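Encoded as structure tokens, the structure appears first; notes follow it.
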Amino acid sequence: MPGPWNRSRTRSAWVALEDALNPLEARQRIRGKSLVQRLKVEEQEEKRSHEEKNKEKVIQEEAARLIVDDPVVAPIVAEGIQGLQLRKEEVEEEILQTKIVSPGEVKQKIEKWKKAIEGEIDSLFNLKGALRLVEKEEMRRLMKEQDVVPLPSKVIFTVKPDGANPQGKRKCRIVACGNYAAPEEEANYFAAGADAASLRLVLSLGARKKWGGYNMDVRTAFLNAPWKGERPMDDSEDEEPQKPVIIRPPGILVTLGYFTSDQGWEVHRALYGFRQSPKLWSDYRDQQLEKMRVEDYFLRQLESESCIWLIQRPKEDEIYGALVTYVDDLLLLGKDELAKKWVKEIQKKWEVSEPEKVEEKTPTRFLGMELSRDGEGRWHAKQEAYTKDLLLRNLGPEPMKWPKRKIPITKEDDGEAEMKEEPGRTPAEVKEAQRVVGELIWLVTRCRPDIMFATSLMSTLTTRKPVKVMKMAYQVWCYLAGTLTEGLIFTGTSDDLMVCTDASFGEEDAHGCVIVKWGEDPLIWRSSRQGMMTTSTAEAELVEVMEGAITTEALRVMVEEVIGGPVRCWQFTDSSSALTIIIGDTASWRTRHLRKRAKFLRWKALRGDVLMRHQPGTEMVADMGTKPLSAVKLREHKQRLGMTIQEQE
């Protein structure tokens with residue numbers, strides 16, 4: 001399918017230029033049409049770089065002449081130079097996603113980074129007491145007498161989105177290179193964090209209870225947890241005291257004159273970078289949350305999901321709020337007055353960022369999603385900023401010129417070409433295909449189930465057909481450009497679990513989809529090739545129904561613990577033959593082996609744990625995960641799934 005850049009004489013000139021430069025790249029263009037876009041981007045970058053050099057040259061020349069200028073003219077020239085410098089600084093791009101900045105760039109703009117660097121040093125050595133400065137002589141003694149081997153460290157510089165400043169907020173974090181430390185035998189380094197399905201469950205609960213919310217993060221969270229060397233991890237009195245852990249200052253801080261190369265730092269807190277630091281902070285955080293009280297309210301940690309806490313009262317089953325934890329990020333839901341009290345209680349214990357109240361016009365970011373709440377008490381989740389940043393990098397810097405499509409994948413893209421692999425594919429093409437698929441997977445797993453089939457299909461082709469993947473990615477990007485503001489909506493209308501499954505049987509393999517909703521609110525979805533070979537449509541549908549039942553069990557235990565009782569579960573399939581195999585008393589001799597495979601499902605149905613029902617294919621929402629759909633049908637299924645719809649211009 002020809003790309004949009006073949007429609008004008010200017011763009012044709014680019015194609016001709018590329019063909020002349022390299023015949024191999026011309027062939028790649030014919031297959032992928034991605035190098036032309038790259039040339040255009042490179043030209044834009046070169047043009048911007050040339051303009052910046054001209055500005056810098058003008059500033060330097062005028063500044064050199066300033067000392068010999070007429071006294072009347074000099075102030076005017078100085079003011080002009082200052083204006084040029086200010087405009088030069090204002091050309092920084094808007095920060096939509098967290099970006100890592102290289103140490104070299106930091107050195108060039110050191111004045112802008114001094115505040116962040118000095119704040120991090122002050123926090124580590126004074127406020128938190130996480131590090132102690134070790135001078136040259138003590139370093140030698142520790143290395144000689146206790147066989148201490150100093151570990152290297154580094155600095156991570158980032159710019160994060162900031163609502164008050166489009167250019168973002170600069171942050172500096174000193175971390176240990178913990179990979180140089182020898183791992184402990186039989187050590188447990190695992191620290192749990194809330195996943196997207198758990199968050200969607202809590203948002204659905206919040207919509208049912210009409211709760212508001214506050215989002216905050218604990219500043220320098222790890223540094224609140226004591227280093228394990230200060231106390232034993234258990235109550236054993238026989239544990240030998242551990243030798244001190246020493247790290248060397250990062251090279252950039254030595255270069256900037258904050259420290260010398262012969263100094264060291266002794267670790268006293270769970271410094272970022274060590275393998276055990278996340279576990280130390282997670283255990284410490286949970287211990288402190290368990291102790292917290294607001295009047296007679298307390299936090300109860302779920303057995304099925306350790307990152308969800310419910311606000312309750314003693315001897316009561318009623319739930320008054322919920323807390324979701326992800327490392328140092330905290331999302332608190334509840335009635336506004338009670339939620340404010342819990343925010344203040346958390347602030348008493350830890351230094352946290354300014355709590356962000358979740359409102360309709362001021363969404364907050366948590367777990368990669370932009371969360372908001374409308375006037376009717378419904379919760380919304382989307383990824384508009386991430387999607388916009390993705391499209392700016394892949395479709396160009398001018399959103400008004402982005403092409404728009406109504407579907408993410410066509411039937412032509414779904415069809416397998418005659419060749420199984422693309423001849424002459426290069427590692428660079430495979431890497432690029434993997435990059436674009438990885439970017440889309442982040443969207444699929446959070447708020448965009450409407451592109452799950454296209455992304456799943458692309459992920460199976462990255463190593464075999466990377467050029468085709470890039471063509472398919474362009475289609476998805478154009479679809480995202482037309483649906484930029486779409487996301488999920490949580491209404492909390494029913495307590496029943498609704499499971500929809502569908503399978504598309506092919507000659508070589510089958511593709512399946514599972515969607516689980518709590519009432520009308522989407523909790524989890526999956527679209528992928530089935531992991532086993534099937535021989536018929538009925539068998540493929542049966543395998544997917546089984547996958548749906550297993551997926552639901554993992555969510556069901558969480559829902560039942562949250563509501564404090566059993567939950568009714570409905571399972572829908574559009575395959576009458578699969579239903580007959582599961583719950584029918586008789587079956588053809590050709591499907592007897594499938595009845596044995598369906599034993600678990602039949603047992604669940606007879607117990608009443610799940611109600612098996614047939615649903616017409618025209619209403620089966622799981623169709624969006626197994627095949628390309630028309631624009632009208634895709635829109636209908638998105639509404640059934642619980643997505644917001646962006647009206648096309």
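The values are calculated or read from the model by the stated rules, or taken from the named source; none is laboratory data. Computed from a prediction, not measured in an experiment: that's the story for all the values here. Cβ placement follows ideal geometry from the backbone for every residue including glycine, while neighbour counts extend to all protein chains displayed. Surface accessibility is based on the protein's heavy atoms, side chains included, excluding ligands, DNA and RNA. Shrake-Rupley method; radii C 1.70, N 1.55, O 1.52, S 1.80 Å.
Just to be sure, is ARG300 part of a strand (DSSP E or B), among the basic types (Lys, Arg) and surrounded by fewer than 18 Cβ atoms within 10 Å (Cβ to Cβ)?
Spelling it out, ARG300 is indeed part of a strand (DSSP E or B), among the basic types (Lys, Arg) and surrounded by fewer than 18 Cβ atoms within 10 Å (Cβ to Cβ).
Would you please name the residue that is most open to solvent (accessible area, probe 1.4 Å), looking only at residues in segment 458-471 that are part of a helix (DSSP H, G or I) and farther than 26 Å from PRO522 by Cα?
Ranking the qualifying residues of segment 458-471, first place goes to LYS471.
Any chance you could count how many residues in segment 304-319 are within 25 Å of the chain's Cα centre (by Cα) and part of a loop (DSSP other than H, G, I, E, B)?
Final tally of qualifying residues: 4.
For segment 173-206, enumerate the residues that are under 24 Å from TRP265 (Cβ atoms) and either open to solvent by 30 Å² or more (accessible area, probe 1.4 Å) or in contact with a Phe, Trp or Tyr (Cβ under 6 Å, 6 or more places away or on another chain) (or both).
ARG173, VAL175, ALA176, GLY178, ASN179, TYR180, ALA182, PRO183, GLU184, ALA187, TYR189, ALA191 - these are the residues of segment 173-206 that are under 24 Å from TRP265 (Cβ atoms) and either open to solvent by 30 Å² or more (accessible area, probe 1.4 Å) or in contact with a Phe, Trp or Tyr (Cβ under 6 Å, 6 or more places away or on another chain) (or both).
Against the definition (surrounded by fewer than 18 Cβ atoms within 10 Å (Cβ to Cβ) and either farther than 30 Å from ASP495 by Cβ or of a type in the set (Phe, Trp, Tyr) (or both)), how does ARG170 come out, yes or no?
No: the conditions fail for ARG170.
Being touching a residue at least 40 places away in the same chain (Cβ under 8 Å) and more than 30 Å from the chain's Cα centre (by Cα): is that true of LEU205 here?
So LEU205 fails the test.
For segment 535-649, which fully contained helices (runs of 4 or more DSSP H) count at least 1 residues that are basic (Lys, Arg) and open to solvent by less than 50 Å² (accessible area, probe 1.4 Å)?
Of the helices (runs of 4 or more DSSP H) lying wholly inside segment 535-649, those with at least 1 residues that are basic (Lys, Arg) and open to solvent by less than 50 Å² (accessible area, probe 1.4 Å) span 537-563, 599-607, 631-641.
Any chance segment 475-497 includes a residue that's in a helix (DSSP H, G or I), β-branched (Val, Ile, Thr), open to solvent by less than 30 Å² (accessible area, probe 1.4 Å) and without any contact (Cβ under 8 Å) to a residue 40 or more places away in the chain?
No, segment 475-497 has no match at all.
Can you tell me which condition GLU290 does not meet? The list is (1) open to solvent by 10 Å² or more (accessible area, probe 1.4 Å); (2) over 30 Å from ILE319 (Cβ atoms); (3) touching a Leu at 6+ places or on another chain (Cβ under 7 Å), and all the others hold.
Single failed check for GLU290: (2).
Return yes when ARG285 is out of contact with any Pro (no Cβ under 8 Å at 6 or more places or on another chain), part of a helix (DSSP H, G or I) and either more than 19 Å from LYS209 (Cβ to Cβ) or in contact (Cβ under 8 Å) with a residue 12 or more places away in the chain (or both) and no when it is not.
Yes, satisfied.
Can you tell me which of LEU330, LEU302, LEU323 is in contact with a strand residue (DSSP E or B) (Cβ under 9 Å, 6 or more places away or on another chain), touching a residue at least 24 places away in the same chain (Cβ under 8 Å), more than 20 Å from GLY564 (Cα to Cα) and among the aliphatic types (A, V, I, L, M)?
Answer to the selection: LEU330.
Scan LYS209, LYS154 and give me the residue that is in contact with a Cys (Cβ under 8 Å, 6 or more places away or on another chain), among the basic types (Lys, Arg) and surrounded by 15 or more Cβ atoms within 10 Å (Cβ to Cβ).
The conditions single out LYS154.
State all residues of segment 498-514 that are out of contact with any helix residue (DSSP H, G or I) (no Cβ under 8 Å at 6 or more places or on another chain) and buried (at least 19 other Cβ atoms within 10 Å of the Cβ); if no residue qualifies, say none.
MET498
With the checklist (1) touching a residue at least 40 places away in the same chain (Cβ under 8 Å); (2) more than 17 Å from SER204 (Cα to Cα); (3) of a type in the set (Asp, Glu) in hand, flag the one item GLU290 doesn't pass.
All conditions are met except number (1).
With the requirement that a residue be in contact with an Asp or Glu (Cβ under 8 Å, 6 or more places away or on another chain) and outside any helix (DSSP H, G or I), what does segment 338-356 give you?
Those that are in contact with an Asp or Glu (Cβ under 8 Å, 6 or more places away or on another chain) and outside any helix (DSSP H, G or I): VAL352, SER353.
If the Cβ limit is 8 Å and pairs must be 6+ apart or interchain, which residue in segment 590-614 that is farther than 16 Å from GLU541 by Cβ pairs with which residue that is open to solvent by 100 Å² or more (accessible area, probe 1.4 Å) and modelled with pLDDT of 85 or more?
Matching pairs, first to second residue: LEU611/ARG568.
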